[in-house]
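What follows is a short report on a single structure.
The values are calculated or read from the model by the stated rules, or taken from the named source; none is laboratory data. Every value quoted in this text rests on a predicted model; they were computed, and no experiment measured them. All Cβ positions, even for glycine, are placed from backbone atoms using ideal geometry, and neighbour counts span all protein chains on display. Note: areas computed on protein heavy atoms with side chains; ligands, DNA, RNA excluded. Shrake-Rupley method; radii C 1.70, N 1.55, O 1.52, S 1.80 Å.
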Amino acid sequence: MTEKTKAELIKEVKRLTRENSLLIKQFEKLPTKEIIEDSEANLKAIFENVGVGIILISSGKIKNVNSTLQKMLGYSEKELKELSVEQITHPHDLELDAKLIKELLQGKRNRYQIEKRYLHKDGEIIYGKLTVSRIEAKRKKDEKIIALIEDISEQKRIADKLTSEQNLLVTLLESSPDSIYFKDINSRFIKVNKAFAKKHGFATQELAIGKSDETTFGKQHSTEAYVDEQRIIHTGIPIIGKEEKEDWPDGRTTWASTSKMPLYDADGKISGIFGITRDITESKLAQEKIKESERLYRSLFESSDDGIFLTSDEIIIDCNPTVLDIFKCTREYVVGHSPAEFSPEIQPDGRDSLSSANEKISLAFNGLPQKFDWQHKRPDGVLVDCEMSLKSITIEGKKLIQATMRDITKRKKSGKIREALFEISEAAYTASDMPTLYKKIHDVVGTLMIAKNFYIALYDEKTGMISFPYMIDEYDPPYAPKKFGKGLTEYVLRKGESTLINAQIDLDLRKSGEVELIGTPTSIWLGVPLKVGGKAIGVIVVQDYENEKAYGEEEMQVLNFVSEQIAQVIERKRNSDAVKKYAEELKQLNATKDKFFSIIAHDLKNPFITLLGFSDLLISDFGEFTDEEKIYYITEMRKTAEISHSLLQNLLHWSRSQTGRIEFNPQKLDLYDVVSSNVELLNPSAERKQIRILSEIPKLTYVSADEDMLNTVIRNLLTNALKFTNKNGKIEISCADQNGNLQIYISDTGVGMSDKVKADLFRLDVTQSTFGTENEAGTGLGLILCKEFVEKHGGTISVESEVGKGSKFCITLPKFV
């Protein structure tokens, strides 16, 4: 430094003097002692009442603490001053705290701020946000440390809880097998989990960000999803558990259960959506299979001609419509009730219904299927004979009893009627006199209905007299012969038809003058004319004086059925020359019918053996079969059911034609339309065998025929031709005029038949059911029905055939003139 001159030094001294004067003046302006004391008071108030704890440390000891710190740690001021900072610090924070204090005291830092744990007096951990500063002094030993402690225990707990919840959310997102995703207001992904990325083919989750459903899904699902999401964004209404069908660009189809909810921003506005999607494809397919099985079972259950009901704990839990039809009641009357409610107290075999039923149910429940005849009781009191089968089945893990019932009332009645007819016919040969025959007739009718009041009246047209050769009555003695008058007997003879008359109808007829009272009035009276050759020769009567429900339409039909035979027996017994002839005819008729029923029994037995066998296999080993095996068994069962159904349909037609109950209504029919409709009906079967059906019938070819019968004939002949024609064969239909009639030809290129087969083709007493070229089964009644119906029209049916050269059937029908 260069040496200063004297003048420079004097000048420097003067400058320093001026500055000193200035400092003195400023010092004089400083606050007075009172002001200082007032400031100290304010400072002390702030120190005590500030919301953070304050510690003043000097020479490593606590010199002063405020009340906030005392409350925070639970100590008094005196107790804290007697403790060291280390004693109120959590052991795990001592090392870091000591290090920072040391750096502060060494001047390496003037202040620091950390989060630190303190120990409350009761041992509780207090989390604090600590700010420490060094207060410098002129003398080193007078330096102090001031620590400000903010209690952040509550914030820490909240933060820890938030962190825990965030960890749970992350765990949920990343470990969930369901697709979880967040979308913005434009339905673009802003966050997805690993499951979502994997499902949609993204290598990482980040690659999905900014994409939309259009990126991975097909158009249909992506469009539907977008519409749903925009609806949520606009309405705020979430979608919960929606079942969705997902289409993919590669042609796949999957199913998902989706829930979507709105996302809200800080201002409460919807900013997007949040969604969770679970893949339910496997369960959906499984459900569909179950539903399909259920639909199939339900279809069989609902459409079965047999009644089927399921029981659990001796209560009916379900039944099909056939059960309701058999019992003639509503579903509510059956379901929820015990089967015992539908049985009389005693069965025909003399056993108690309840104990007998419980025994059979117990055996079936323990794996021994039961089959037996049973008599049920309808709600209206009518007894119904049924053939029953019981077996144990398991549905949804629960063991149930499946009861199958077939109404055999008509069959039994038919059997009784056949027996009655036979007994009456036999009596005509064996009875030594007419009274004996009449007694036998009474006894036989008594097996079919209530007949405690019974009489036979005979009318002699020549003399105009009515006689009563046989009469059993509770009140009236036998009537004497009389002239044709106005009794109920004459009323039936005049009308020529069966009549059921209750007390009110009887009164009305008497008031109108149509009848007169003869004998004791009855509650119910049933009279059926005895006809021979269309003429009434008498009346057979049953009556009841007390029970007005003793007879109804059913009893009338039964009596109608036997009345003709009774009339003929009576007539032929009166004419002894015709008795043997009639008996022989009746014997032949019964023999033919017996043969017929034996054929039917044989043809029905095999299909039901097949049905029962396959169904037992399916029930017992269902879980062990492959789908292909199940389909095979079900298909075979359906084929067998179709055969049985066809047989029963043909049997119904035949029986109705035999009993005269089928209506014959010939009318003008266009043969072209009839043939065309049947060809169209059978075309699917023909296409399966690659057989061509060619019709050469011109339009406007009119015949006089019953439409139902003609359809049955054409359909049976075409079906027969299809059955016996090989693949790539041909069936032709043509016609030709012949003396006012129309000859219809149905020819095929099939296997043909021998002369022996042709000779027996239309015979009822010879079984003609033969398997077709592809093992198609038949009923053996088709051609017999054709013959019956063609002859009903006054026509004929014939066949030309050679083995290996096909067959040609010809039917003749009257032309419409």
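Here are the numbers for the structure shown:
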read-out: Portion, in percent, of the accessible area of segment 348-498 that falls on carbon or sulfur, probe 1.4 Å; value: 54 percent
read-out: Exceeding the 32 Å Cα-Cα cut-off - candidates 412/689; 439/486; 260/291; 291/391; 129/260; value: 412/689; 129/260
read-out: FRET E, pair residue 295, residue 240, Förster distance 22 Å, beta-carbon r, rounded to 0.05; value: 0.20
read-out: Cross-link table 699/815; 410/531; 161/198; 723/756; 483/549, entries beyond 22 Å C-alpha to C-alpha; value: 410/531; 161/198; 483/549
read-out: Ordering of 102-112, 429-439 by burial proxy (mean other Cβ atoms within 10 Å per residue, highest first); value: 429-439, 102-112
read-out: Restraint check, 99/156; 328/413; 360/452, Cα-Cα greater than 28 Å; value: 360/452
read-out: Contour minus Cα-Cα distance for residue 665 and residue 168 (0.36 nm per residue); value: 170.6 nm
read-out: Segment residue 247-residue 418, length gained on full extension (0.36 nm per residue, minus Cα span); value: 54.9 nm
read-out: Label-to-label distance, nm, for residues given as residue 575 and residue 612 (7 Å Cα→Cβ offset); value: 4.8 nm
read-out: Nearest-0.05 FRET efficiency for residue 349 and residue 505, computed from C-beta distance (R0 51 Å); value: 0.85
read-out: Mean Cβ neighbour count within 10 Å, used as a protection proxy, ranking 476-486, 118-128 highest first; value: 118-128, 476-486
read-out: Additional length obtainable on full extension of the chain from residue 77 to residue 707, 0.36 nm per residue less Cα span; value: 214.9 nm
